[in-house]
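The values are calculated or read from the model by the stated rules, or taken from the named source; none is laboratory data. Predicted model only: the values in this text are computed from it and were never measured. Methodologically, a virtual Cβ is constructed for each residue, glycine included, from the backbone with ideal geometry; neighbour enumeration extends over all protein chains shown.
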Amino acid sequence: MSATTIERMAGLELFCCCRHSELVRIDQLGTTIDVEAGRRLCEEGAQGCEFFVLLSGVVDVAKHEGRIAVLHPGAWFGEAALIDGPLRRATVTTRTDAALIVFGKREFKCMLTVAPTVHDRLRRSTDRVVHGWAPNEHAWYQPLMPDSPNMARDDSVGKAQP
């Protein structure tokens, strides 16, 4: 158990309503990793096997037509493939060095059982994604407008531009 990770999790929107005992169990289920800029975490169309919570850093979200969003600390992603369907709906690549908590499929399902408030938040988020709506009510989600200069087109399949 990491007191530092539990403290960081308690400050995140996803985990803000969790009891301390739930945070301790969630910390035991997840693995905290540090990754460098440019690392692809999810690939559109690939099998989804992990759920991610962004502790620090910035990541780009892209679909085949280009970047669609930027995620900031506090963001979570990968839940839709684990809850609603097996395939990733977007490619997610680190723009900067980042720290994340990663949950495998089994650990993710256990977390949903351990923390009902997290399950409710993720279900609502998944419903939005599955219906093609962005989770734009979250402060950590920055959508990119189609005509924005930040909406970069990348002709290589599934790769986001930094």
Meets criteria (buried (at least 18 other Cβ atoms within 10 Å of the Cβ) and in contact (Cβ under 8 Å) with a residue 24 or more places away in the chain) for Asp34: no
Residue within the stretch 110-120 that is of a type outside the set (Val, Ile, Thr), buried (at least 21 other Cβ atoms within 10 Å of the Cβ), at pLDDT 95 or above and in contact with a Cys (Cβ under 6 Å, 6 or more places away or on another chain) present: yes
Selection status of Val92, farther than 16 Å from Arg121 by Cβ, within 12 Å of the chain's Cα centre (by Cα), buried (at least 22 other Cβ atoms within 10 Å of the Cβ) and in contact (Cβ under 8 Å) with a residue 60 or more places away in the chain: yes
So Thr32, is it more than 22 Å from Pro116 (Cβ to Cβ), among the polar types (S, T, N, Q) and modelled with pLDDT of 95 or more: no
